[in-house]
Amino acid sequence: MNAESSPTPILEMRGITKHFPGVMANDHADLELYPGEVLALLGENGAGKSTLMNVLVGLYRPDEGEIYVRGQRVEIHSPRDAATLGIGMVHQNFMLVPTMTVAENIILGMTDLPFAPRMDEVARRIREISQRYNLEVDPNAYIWQLSVGEQQRVEILKLLYRGAEILILDEPTAVLTPQESHELGRIIKRMTDEGKSAIFITHKMEEVMEFSQWVRVMQAGKVVAVKKTAETNPQELARLMVGREVLFRLEKDACTPGDVILELRDVSADNDKGLPALRGVSFSIHGGEILGIAGVAGNGQRELAEVVTGLRKVTQGKILINGQERTNKSPLEIIQSGVSHIPADRIGMGVVGDMAVADNIAMKGYRQPPLTEHGILHPRRILELARRMIETFRIATPSPQTHIKFLSGGNIQKAILAREIDACAGLLVAVYPSRGLDVGATEAVRRRLLEQRDAGRAVLLISEDLEELLTIADRIAVLFEGRVMGILPADTADIETLGLMMAGAHESKE
Amino acid sequence: MRIVFEKRESVSRRATVLVPVVSFVVSLIFGAILLAVSGANPFVTYAAMVKGAVGSWYGITETLVKAIPLMLTGLAVSIAFRMRFWNIGAEGQLTLGGVAAAGVALYWSQGLPGWTVLPLAILAGIVAGALWAGIPAVLKAYLKVDETLTTLMLNYVAILYSEHLYYIAWRAPGYNSGTAKFPETAWLPQIAGRANVGLIFAIILAILLWLVFKYTRWGFELKIIGENQTAARYLGINIARNIVLALLLSGALSGLAGACEVLGLSRRLQQGLSVGYGYTAIIVAWMAQLNPIVILFVAILMAALLVGGDQIQMKMRLPASVGLVLQGMILIPMLAGTIFTEYRIRIVRPEKHAQPEVTS
Ligand SMILES: Nc1ncnc2c1ncn2[C@@H]1O[C@H](COP(=O)(O)OP(=O)(O)OP(=O)(O)O)[C@@H](O)[C@H]1O
Ligand SMILES: [Mg+2]
């Protein structure tokens with residue numbers, strides 16, 4: 001159907017069908033990829049994008065369908081088979097070993113290694129590739145020392161090292177800062193210029209428009225539209241995905257602040273490496289107000305959320321919740337003072353993968369009646385709660401008993417949101433709440449945060465997305481190197497000023 | 001044609017049942033080879049084993065005798081393992097439980113009303129086992145000291161201490177080793193052959209544990225801690241306290257096992273209290289996939305193996321070591337088999353397009 005772009009596709013998937021208990025994850029999905037091009041794969045949470053890619057790299061066996069690489073029919077049984085064919089994938093959740101170095105991770109699992117690989121030789125080749133693609137990483141650094149953005153570069157290097165010609169990137173920008181995303185865009189451009197091709201999954205329309213030549217939209221396992229990027233626009237794509245018009249703007253009532261709910265006075269804290277991460281942070285949030293925290297990732301956002309929720313000790317300063325001293329209290333005491341927390345690391349911290357969706361949803365409320373009485377759980381009531389949450393938050397899951405790790409990335413995030421918003425009784429700390437959500441769900445989450453605010457709760461919203469902060473926050477504080485550079489009312493703030501402050505400039509006082 | 005190892009997309013229920021069964025059959029085949037090599041007829045030997053273990057009332061009750069401590073220690077380590085706390089100290093906890101029970105039976109029983117002696121002796125065993133497990137638990141929970149080492153080392157301490165007692169400090173006059181027989185008020189009744197009331201304790205405890213893990217808030221918290229500690233901390237669960245509590249319970253069950261051994265079987269403290277039940281318990285718990293009810297049955301199976309092994313030593317005149325090697329031989333495939341609940345083997349035939357071609 002798109003014969004004009006290039007004669008033969010480097011990759012073709014035909015009629016791929018994949019069932020899981022209770023769901024049809026892929027339903028006769030087709031896909032074509034041409035050399036030197038980027039294909040964007042779009043679709044709502046749970047549409048089947050990751051599944052289709054997992055079939056391609058041999059992690060899942062399709063029930064039906066065929067795969068052709070360079071015109072040849074192939075059977076792919078494992079990622080190793082895929083690698084032999086030059087196909088490599090960077091997963092939604094990285095798969096690196098934290099206690100090993102970059103170089104060790106890169107050669108880990110390779111089959112054609114000598115018995116004792118020469119690590120200096122490996123490091124030399126890694127440097128060569130990093131230079132060619134501008135992928136700055138130290139081969140001898142340990143993974144745990146790297147930021148998320150750097151870890152992703154390692155994942156990409158790993159593929160290039162193994163000579164991948166077809167790269168699959170599953171929501172690579174979800175965890176990146178806008179700067180890092182731009183950088184990634186350049187790297188992809190560099191690779192396609194060399195004739196490599198990429199499949200790119202994202203929920204961000206700008207990226208689709210910027211990076212790709214072709215777009216495929218999936219819905220409930222089927223491919224429902226194939227478009228040339230140049231011939232479409234974000235509104236049309238959003239409509240194709242969700243099946244209705246999506247509002248990119250939200251209506252917001254005026255803020256009616258109540259009592260101060262959270263107050264930080266001159267708070268300092270260290271990061272995991274023992275270096276200062278917060279330096280004398282002070283601010284307060286009233287009930288009925290959303291305070292946004294802007295800043296480039298790594299400037300103390302994570303530590304800020306953790307000190308407020310009791311997960312990290314402060315080295316100096318005071319934290320007050322509802323006027324009561326809550327400095328260095330245990331996470332349980334903080335929870336009991338009405339604080340909810342949507343954490344940045346949803347898989348590692350937010351859920352227990354091998355437990356049921358229902359159990360995960362109950363993990364905040366299980367301490368009190370009605371879910372527990374005299375220490376005895378009421379499974380039936382847990383199930384009822386879960387059913388209600390699954391419906392209100394439109395969590396796509398085969399059943400409440402499904403282990404949550406089998407849900408799609410976005411639906412896991414929705415389950416966390418459901419639990420935390422439902423349990424919230426005063427302060428909601430939301431860290432990148434719309435990360436990994438499709439446009440419809442993003443809109444829904446923002447509306448929920450506004451609902452919380454209108455119900456008189458205080459919301460601390462940490463986000464990298466300035467657009468998001470400007471639409472829903474009432475005031476925006478900018479964090480730079482652990483300091484608050486200034487706090488602006490959202491309706492007078494503009495992206496330029498915020499950008500300057502994020503780079504370290506102080507609020508201009510006129 | 002080539003063979004590929006594929007990760008299963010989900011753990012299949014059929015595999016979790018089938019794998020142990022198939023592994024057991026493979027184990028028997030391996031054992032048979034070993035027997036043939038050492039010059040014994042495998043069929044005759046196996047027949048003798050089965051007959052020895054379950055072929056007579058005596059055999060059945062002897063199997064139960066060994067199953068009791070395996071059940072209790074199996075349940076004990078399963079609690080710790082659920083929290084990924086590698087308690088390999090059940091042996092020491094059992095020994096110390098036996099020592100404490102013996103101490104009460106021997107030295108405290110005089111001044112007390114008769115009916116209190118037995119409960120007190122059992123209680124002493126429980127408490128001793130709990131404390132002995134509590135030490136490594138506290139070290140781990142509050143100081144991050146690796147538990148595999150501490151629990152193992154404490155085994156030696158407990159075992160050597162018990163030896164000191166029955167060889168020297170508590171030795172009955174006129175004997176080379178062993179204490180005097182306990183007064184009858186301290187005897188745990190035997191219910192079938194030499195199998196004692198501990199069997200009933202084990203069954204009740206298994207059911208209780210199953211209920212606790214499934215239906216209580218505490219069980220829910222333990223499960224979360226075992227699955228994902230970062231999430232547990234984030235959810236406000238007190239990890240350190242729960243580790244200590246769970247380990248106290250784990251040690252208590254092992255201590256109870258020790259108490260039942262001395263009060264219900266030997267009725268004196270003597271050599272033979274520590275014969276490795278605490279280690280076999282690890283295998284029992286693992287094979288049962290930590291399910292308390294399944295542990296009861298696996299413990300009986302293991303006990304039958306032990307009794308059967310002893311029988312062939314006596315009846316077939318095989319060297320004692322063959323019986324032990326045979327037991328080990330039977331375990332290895334059963335443990336290795338668990339990998340197939342997560343992976344499966346596929347044989348790929350080279351059809352015209354079945355193999356990925358190697359690109360240049
Ligand atoms: N291993 C599995 N077992 C059972 N169900 C699964 C499994 N993997 C995926 N699913 C189901 O298949 C459907 C498609 O999931 P998939 O991860 O492909 O979605 P996605 O399009 O990548 O969504 P997202 O944007 O949220 O990442 C979902 O309903 C999910 O619950
Ligand atoms: Mg996905």
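Between A:ASP422 and A:ILE376, the modelled labels are 2.2 nm apart [label points 7 Å from Cα along Cα→Cβ]. Sorted largest first, the spans of the alpha carbon positions of the range A:11-242 along the three principal axes are 49, 37, 32 Å. Measuring max minus min along each principal axis, the C-alpha atoms of chain A give extents of 68, 51, 48 Å (largest first).
Based on alpha-carbon atoms, the Kirkwood radius and the radius of gyration of the range A:287-331 give Rg/Rh equal to 0.99. Look at the dipole of chain A built from charges on Cβ: of A:ILE361, A:VAL242, A:THR442, the Cα furthest out on the positive end belongs to A:ILE361. Considering the options A:PHE200, B:LEU28, A:VAL352, tell which one lies farthest towards the positive end of the dipole of the protein assembly as shown, charges being +1 on Lys and Arg and -1 on Asp and Glu at the Cβ, about the Cα centre. Going by the Cα projections, it comes out as B:LEU28.
Length, then width, then depth: along the principal axes, the Cα atoms of the protein assembly as shown run 99, 74, 52 Å. For the range B:69-292, the Stokes-Einstein estimate of translational diffusion at 37 °C and a viscosity of 0.692 mPa s comes to 187 µm²/s, using the Kirkwood hydrodynamic radius over alpha-carbon pairs. Using the Karplus curve 6.51 cos²θ - 1.76 cosθ + 1.60 with θ = phi - 60°, work out ³J(HN,Hα) for each residue of the range A:341-350 in order, rounded to whole Hz, and write x for Gly and Pro. Whole-Hz 3J(HN,Hα) from phi for the range A:341-350: 9, 9, x, 5, 9, 6, 6, x, 10, x.
Using the Cβ of A:ALA277 as centre and a radius below 14 Å, the other residues enclosed give a net charge of +1, where K and R count +1 and D and E count -1.
For the range A:61-131, with equal point scatterers placed on the C-alpha atoms only and solvent neglected, what are the log10 I(q)/I(0) values from the Debye formula at q = 0.17, 0.26 1/Å, to two decimals? For the requested q values the scattering log ratios are -0.84, -1.31. The mean sequence distance of close C-alpha pairs (under 8 Å, at least 6 residues apart), as a share of the length of the range A:345-423, puts its relative contact order at 42 percent.
Here the simple spin-label model places points 7 Å from the Cα toward Cβ, and for A:PHE115 and A:ASP193 these points are separated by 4.4 nm. For chain B, the membrane-span-like helix rule (DSSP H, alpha carbon extent of at least 24 Å along the helix axis, mean Kyte-Doolittle at least 0.5) picks out B:13-37, B:57-82, B:114-143, B:198-215, B:239-261, B:292-315, B:320-337; this says nothing about an actual membrane.
So for chain B, averaging the separation of alpha carbon pairs under 8 Å that are six or more residues apart and normalising by length, what relative contact order in percent results? Dividing the mean separation by the residue count of chain B yields 37 percent. Beta bridges from DSSP with both residues in chain A: antiparallel share about 55 percent, rounded to the nearest 5. Applying both filters, DSSP loop and at most 13 other Cβ atoms within 10 Å, to the trypsin sites (Lys or Arg not before Pro) of the range A:98-185 gives A:ARG118.
So what's Rg/Rh here for the range A:131-244, counting alpha carbon atoms and using the Kirkwood radius for Rh?
Dividing the radius of gyration by the Kirkwood radius yields 1.00.
What does a probe at A:ASP454 reach in the range A:383-398, counting residues whose amide N is under 18 Å from the point 7 Å along Cα→Cβ? Taking a point 7 Å out along Cα→Cβ of A:ASP454, the residues of the range A:383-398 whose backbone N falls under 18 Å are A:392-393.
Taking each residue as 0.36 nm, the span from B:VAL157 to B:GLN271 lengthens on full extension beyond its C-alpha to C-alpha distance by 39.5 nm.
In chain B, the calculated helix contribution to ellipticity at 222 nm averages -22500 deg cm²/dmol per residue, counting -39,500 (n - 2.57) for every DSSP H run with n ≥ 4.
Electrostatic bookkeeping for A:ILE10 treats Lys and Arg as +1 and Asp and Glu as -1; over the other residues with beta carbon under 12 Å from its beta carbon, the sum is -2. Charging the Cβ of each Asp and Glu at -1 and of each Lys and Arg at +1, and nothing else, the dipole of the range B:69-292 about its Cα centre rounds to 280 debye. For chain A, the relative contact order is 15 percent, taking Cα pairs closer than 8 Å that sit 6 or more residues apart in sequence and dividing their mean separation by the residue count. Counting only DSSP beta bridges whose two residues both lie in the protein assembly as shown, roughly 60 percent are antiparallel.
Could you tell me the calculated FRET efficiency between A:ASP253 and A:GLU128, based on Cβ-Cβ distance and R0 = 56 angstrom, to the nearest 0.05?
My answer for the efficiency is 0.45.
Once both labels are positioned 7 Å from their Cα atoms along Cα-to-Cβ, the gap between A:LEU332 and A:ASP491 label points is 4.5 nm. In this calculation the C-beta distance from A:TYR142 to B:SER38 is compared with R0 = 51 Å, giving a FRET efficiency of 0.50. Remark: for residue pairs B:LYS140/B:LYS223; B:LYS144/B:LYS214; A:LYS228/A:LYS414; A:LYS49/A:LYS228; A:LYS189/A:LYS405; A:LYS196/A:LYS414, the C-alpha separation exceeds 23 Å in B:LYS144/B:LYS214; A:LYS228/A:LYS414; A:LYS189/A:LYS405; A:LYS196/A:LYS414. Counted by Cβ distance under 12 Å from B:LYS140, the other residues give a net charge of 0, where Lys and Arg count +1 and Asp and Glu count -1. Taken about its Cα centre, chain A carries a charge dipole of roughly 980 debye when the Cβ of each Lys and Arg holds +1 and the Cβ of each Asp and Glu holds -1. Over the range A:345-423, the hull volume per residue, using the convex hull of the C-alpha atoms, is 82 Å³.
Taken together, the values in this text are just the output of simple stated rules run on the coordinates, not laboratory data. Note that the structure is a prediction, hence the values are computed from the model and not measured. Cβ coordinates were reconstructed from backbone atoms using ideal geometry, including for glycine residues, and neighbour counts include every protein chain displayed.
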